[in-house]
1. Quick check, is residue 77 buried (at least 16 other Cβ atoms within 10 Å of the Cβ), of a type in the set (D, E, K, R) and in contact (Cβ under 8 Å) with a residue 12 or more places away in the chain?
2. Take the residues of segment 94-111 that are within 14 Å of the chain's Cα centre (by Cα) and either among the aliphatic types (A, V, I, L, M) or part of a loop (DSSP other than H, G, I, E, B) (or both): which is nearest to residue 45 (Cα to Cα)?
3. Test residue 9 against the stated conditions and say whether it is assigned to a helix (DSSP H, G or I), surrounded by 12 or more Cβ atoms within 10 Å (Cβ to Cβ) and more than 10 Å from the chain's Cα centre (by Cα).
4. Can you report the number of residues in segment 24-45 which are within 11 Å of the chain's Cα centre (by Cα) and buried (at least 16 other Cβ atoms within 10 Å of the Cβ)?
Amino acid sequence: MKKAEEEAARAEFLSSMAAPDYAFKKSGTCEDDNMETIMDIKECEAAGRWLTKDSNKGFAGDMPHGGYTTSNHGRTRGCTLHNSNVNNGIQFFPRATGHCGTYSFDCMCKK
């Protein structure tokens, strides 16, 4: 695929994701700001792609199928991106109980 075609495909992909919007949250919970904690792995991937503006963004290489099994407050609950760094892989902690920002795992919330 030519560069112009790749850029057009990427722009089309990003525009197709116009709603709902997503946002990073560095402390508390998504619900504190009238947003939702993302608890669906497919929506987590969509949020990660939306927020990083990378249509190929995927999960971290060490993440087990279905997400990490951590079930304590040592990791952020739900859909995360470490330090909100767009170069990191998406990480999903469906069983964790920590708030946004726990050990720098920032939430990706649904607006």
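A short reminder: the numbers here are calculations on the coordinates, not readings from a lab. As the structure is a prediction and not an experimental result, all values here were calculated from the model. Glycine gets a Cβ as well: all are built from the backbone with ideal geometry, and neighbour counts include every protein chain shown.
1. Numbers: buried (at least 16 other Cβ atoms within 10 Å of the Cβ): yes; of a type in the set (D, E, K, R): yes; in contact (Cβ under 8 Å) with a residue 12 or more places away in the chain: yes.
Against the criterion (buried (at least 16 other Cβ atoms within 10 Å of the Cβ), of a type in the set (D, E, K, R) and in contact (Cβ under 8 Å) with a residue 12 or more places away in the chain), residue 77 qualifies.
2. First pass over segment 94-111, keeping only residues within 14 Å of the chain's Cα centre (by Cα): 94, 100-101, 104-111.
Narrowing further to those that are either among the aliphatic types (A, V, I, L, M) or part of a loop (DSSP other than H, G, I, E, B) (or both): 94, 100-101, 108, 111.
On the way: 94: 13, 100: 17, 101: 19, 108: 10, 111: 15 Å.
Applying the filter and picking the extreme gives 108.
3. Details: assigned to a helix (DSSP H, G or I): yes; surrounded by 12 or more Cβ atoms within 10 Å (Cβ to Cβ): yes; more than 10 Å from the chain's Cα centre (by Cα): yes.
Yes; evaluated as a whole, the condition is true for this residue.
4. Kept after step one, since they are within 11 Å of the chain's Cα centre (by Cα), are these residues of segment 24-45: 24-25, 37-45.
Okay, now just the ones that are also buried (at least 16 other Cβ atoms within 10 Å of the Cβ), so 24-25, 37-38, 41, 43-45.
Matching residues across segment 24-45 total 8.
The rows are residues; the columns are (1) closer than 14 Å to residue 25 by Cβ; (2) in a loop (DSSP other than H, G, I, E, B); (3) small (Gly, Ala, Ser); (4) without any contact (Cβ under 8 Å) to a residue 60 or more places away in the chain.
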{"position": "49", "(1), (2), (3), (4)": "no, no, no, yes"}
{"position": "63", "(1), (2), (3), (4)": "no, yes, no, yes"}
{"position": "66", "(1), (2), (3), (4)": "no, yes, yes, yes"}
{"position": "70", "(1), (2), (3), (4)": "no, yes, no, yes"}
{"position": "73", "(1), (2), (3), (4)": "no, yes, no, yes"}
{"position": "81", "(1), (2), (3), (4)": "yes, no, no, yes"}
{"position": "85", "(1), (2), (3), (4)": "no, yes, no, yes"}
{"position": "92", "(1), (2), (3), (4)": "no, no, no, yes"}
